[in-house]
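The values are calculated or read from the model by the stated rules, or taken from the named source; none is laboratory data. The model shown is predicted, which means the values in this text are computed figures rather than measured ones. Cβ sites come from the backbone with ideal geometry, for glycine too, and all protein chains shown count toward neighbours. To get the accessible areas, we keep the full protein, side chains included, count just its heavy atoms, and leave off ligands, DNA and RNA. Shrake-Rupley method; radii C 1.70, N 1.55, O 1.52, S 1.80 Å.
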Amino acid sequence: MRALIMSDSHGWENELKEVVDRHRAEVDAIFHCGDSELSAASPALQNVYTVRGNCDHGSDFPEELVETVRDTTFFVGHGHLLNVKMTEMNLIYKGEEASADILCYGHTHIPVATEEKGKIIINPGSMRLPRQYSVGSYVIVDTSDTTVNVNFYSIDGQKLNDLSKSFSKNG
């Protein structure tokens, strides 16, 4: 299973579409973790699972979603309603309730990949307004029977080795 994960593109339609087009043929699913500031009708978000962030107005997108891609279940929420700036526990609880394997969020604009309670937690960082990292980023996650590889990329498609991580699957 392979998925593209993005967040916090804050109105960047052409740049978002460029990243989606770059990877669409090589991934099984594409997720946007909110604050796209685009409508669901945007060509950049076609066939992209998208949640609503605190800067997204209207009701084009759900607050959160659970999607199973092949053998991997994702929980996706922007994070503002889960208080992710204070703790990841609410996100972890939501992931446990959904029996999710990978938990994705945005909101903090800080790229991170970690494991907690057997769940892989990914914030792809902000495409447009990165914090605590020098360039905007997104993630491609690959799973196999034994590993989960979380690879971060800059907006121009260069792998960010210092952020990328691999995790062993439990059980």
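Data table
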{"read-out": "Two-site FRET efficiency, ARG131 against SER99, from Cβ-Cβ distance with R₀ of 35 Å, rounded to 0.05", "value": "0.70"}
{"read-out": "Calculated from backbone phi, Karplus (6.51, -1.76, 1.60) coupling profile of segment 63-69 in Hz, x at Gly/Pro", "value": "5, 8, 8, 10, 9, 9, 10"}
{"read-out": "Rounded, prolate or oblate (a/c below 1.5 giving rounded, otherwise prolate when a/b exceeds b/c) for segment 125-171 by Cα gyration tensor", "value": "prolate"}
{"read-out": "Relative contact order [Cα under 8 Å, 6+ residues apart], segment 1-134, whole percent", "value": "23 percent"}
{"read-out": "THR68 long-range amide H proximity, modeled H, under 5 Å", "value": "PHE74"}
{"read-out": "Within the chain, helix-based [θ] at 222 nm, where runs of 4 or more DSSP H residues each add -39,500 (n - 2.57), nearest 500", "value": "-3500 deg cm²/dmol"}
{"read-out": "Accessible area in square angstrom per residue, the chain, 1.4 angstrom probe", "value": "45 Å²"}
{"read-out": "Förster-model FRET efficiency, 25 Å R0, THR87 and GLU67, C-beta, rounded to 0.05", "value": "0.55"}
{"read-out": "Built amide H within the under 5 Å cut-off of ILE155, gap 5+", "value": "GLY136"}
{"read-out": "Carbon plus sulfur fraction of accessible area for the chain, probe 1.4 Å, in percent", "value": "44 percent"}
{"read-out": "Value of D in µm² per second that Stokes-Einstein yields for segment 29-171, Kirkwood Rh from Cα pairs, at 10 °C (1.306 mPa s)", "value": "104 µm²/s"}
